[in-house]
Each structure stands twice: as C-alpha cells, then as structure tokens.
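S.K.: Mind having a look at this structure? Questions to follow.
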Amino acid sequence: MLTKDQLDRLRADIDFSVELGGRTLHLYSTWGIFSPREIDEGTRLLLDHLEVAPTDDCLDLGCGYGPIGLALAALAPGGQTLMVDKDFIAVDYANRNAARNRLGNARAQLSNGFAQVDPALRFDLIASNIPAKVGKELLAILLHDAWARLKPGGRLYVVTINGLRQYMKRNLGEVFGNYDKLKQGPHYTVALAVREAG
C-alpha cells in the first residue's frame, strides 16, 4: 500500500526540460497523458523531419501536453499554432506549457479531430503523431478533414507505427494524390502529403 507521501508525489506534476524546435522547453505533464515523462520516439522522429517556415500557421492534431505544437510555435514565431486534443487534461497542460514557455502564438483547445476547430481556419502545416489504436474510420475522417483545412500548398506530416505504413501510403495517396515517406525508423514511419495548389 502506498503512503500518503508516495501518493502525493504521484499526483504532483511531472516536470522536465527538453530540446525541441531549436530551444529548450520546460514541460509539465501528468499520469494518464501519452508519454508523460519524456518525448516518445515517434514524436522525436516526426520533429526531426518537419520543415517549418517562420510564418507558418500550424495545427498539432492530438497534442497531448503539447511537445509537437510548442516546437512548431517556436519554429514559426510569425504564425499561429493551434493544438487540439479530445482530452481536457491534455488541453489544460498544453496551454500551461505554452504560457510557461512564453509561446504567445500557441494555444490549445478541446476538439475531437477537427470537429470543434473554427471552420474558417486554414493551415500551412498540420502535424500529428497518430495513435496506433485510433481506428480506420476516424483515420479516414482525419485525413479528409486535414486536406480540407490545409491552404493550397499546405503540408500534412504524420508519424505512425510501421504497421500502419501501407495504410497511410494508400490513403494519403487517395486523399491528397501524393505521398512521401520521409523516414522509416525501427518502429515508426514519418510521411508527408501536400495539398496541391489549384
């Protein structure tokens, strides 16, 4: 049986610092959010292969406590970065981490995919570490909605477990008309699809 002190330590915010987006970010997280103690392998692989312009408007889809979105905001100080998650605890931590790191161009909101995102917003870049268990139905919705929310020439970057690689290749090809495998690591694959102008 855990003592009160041990339980209090478990309930306390997890607090760590990490180099992301060319700067040191100081992050809070908590148990129950994905990868709470460190940046996971898939997220790191994704961030290593993003190309971000300084004025890009970005969306982090399924932000957790915010590592991808905050890195995007740091890399695109002249743009706005929106982080969305269906977990209200994750959204709370992502907003706290944006404030803690003085990234005034980043904010998080509750949304199931794009469902609660302002329909008028369009993005230069959408990035997502897609969970393996999201299901093919929701994945289909997310890919179609991402295409619809990108500006012409906008880019969708996704990282998935290698087991979803062929699915992503086929479906990104169908929705976007293109697919580029940027990197395949031992466990994860980073892919890029572009909303072509016109």
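S.K.: Looking at this structure, is residue 96 more than 15 Å from residue 21 (Cα to Cα), charged (D, E, K, R) and either part of a helix (DSSP H, G or I) or in contact with a Ser or Thr (Cβ under 7 Å, 6 or more places away or on another chain) (or both)?
M.R.: It is true that residue 96 is more than 15 Å from residue 21 (Cα to Cα), charged (D, E, K, R) and either part of a helix (DSSP H, G or I) or in contact with a Ser or Thr (Cβ under 7 Å, 6 or more places away or on another chain) (or both).
S.K.: Right, something else. Out of all the residues in region 144-177, which are part of a helix (DSSP H, G or I) and touching a residue at least 40 places away in the same chain (Cβ under 8 Å)?
M.R.: 146, 147, 149
S.K.: Which ranges mark the helices (runs of 4 or more DSSP H) fully within region 1-80 that have 2 or more residues being buried (at least 18 other Cβ atoms within 10 Å of the Cβ) and at pLDDT 95 or above?
M.R.: Answer list for region 1-80: 41-48, 67-75.
S.K.: Within region 93-111, identify whether any single residue is on the phi > 0 side of the Ramachandran plot, buried (at least 17 other Cβ atoms within 10 Å of the Cβ) and at pLDDT 95 or above, and answer yes or no.
M.R.: Taking every residue of region 93-111 in turn, none turns out to be on the phi > 0 side of the Ramachandran plot, buried (at least 17 other Cβ atoms within 10 Å of the Cβ) and at pLDDT 95 or above.
S.K.: Starting from residues that are free of Cβ contacts under 8 Å to residues at least 12 places away in the same chain and of a type outside the set (Ser, Thr, Tyr), keep the ones in region 15-49 and report whichever is nearest to residue 164 (Cα to Cα).
M.R.: Per the stated criteria, the residue is 44.
S.K.: When you scan region 115-148, how many residues do you find that are of a type outside the set (A, V, I, L, M), under 13 Å from the mean Cα position of the chain (by Cα) and buried (at least 19 other Cβ atoms within 10 Å of the Cβ)?
M.R.: Of the residues in that region, 2 qualify.
S.K.: If you go through region 116-142, how many residues are in a helix (DSSP H, G or I) and more than 20 Å from residue 72 (Cα to Cα)?
M.R.: 6
S.K.: Could you list, in sequence order, all residues of region 81-92 that are surrounded by 15 or more Cβ atoms within 10 Å (Cβ to Cβ) and either assigned to a loop (DSSP other than H, G, I, E, B) or of a type in the set (Ser, Thr, Tyr) (or both)?
M.R.: 81, 87
S.K.: Every residue in region 125-167 that is touching a Gly at 6+ places or on another chain (Cβ under 6 Å) and among the small types (Gly, Ala, Ser), please.
M.R.: Across region 125-167, the qualifying residue is only 128.
The values are calculated or read from the model by the stated rules, or taken from the named source; none is laboratory data. Everything quoted here is computed from the prediction, not taken from an experiment. So basically every Cβ, Gly included, is an ideal-geometry build from the backbone, and we count neighbours across all protein chains shown.
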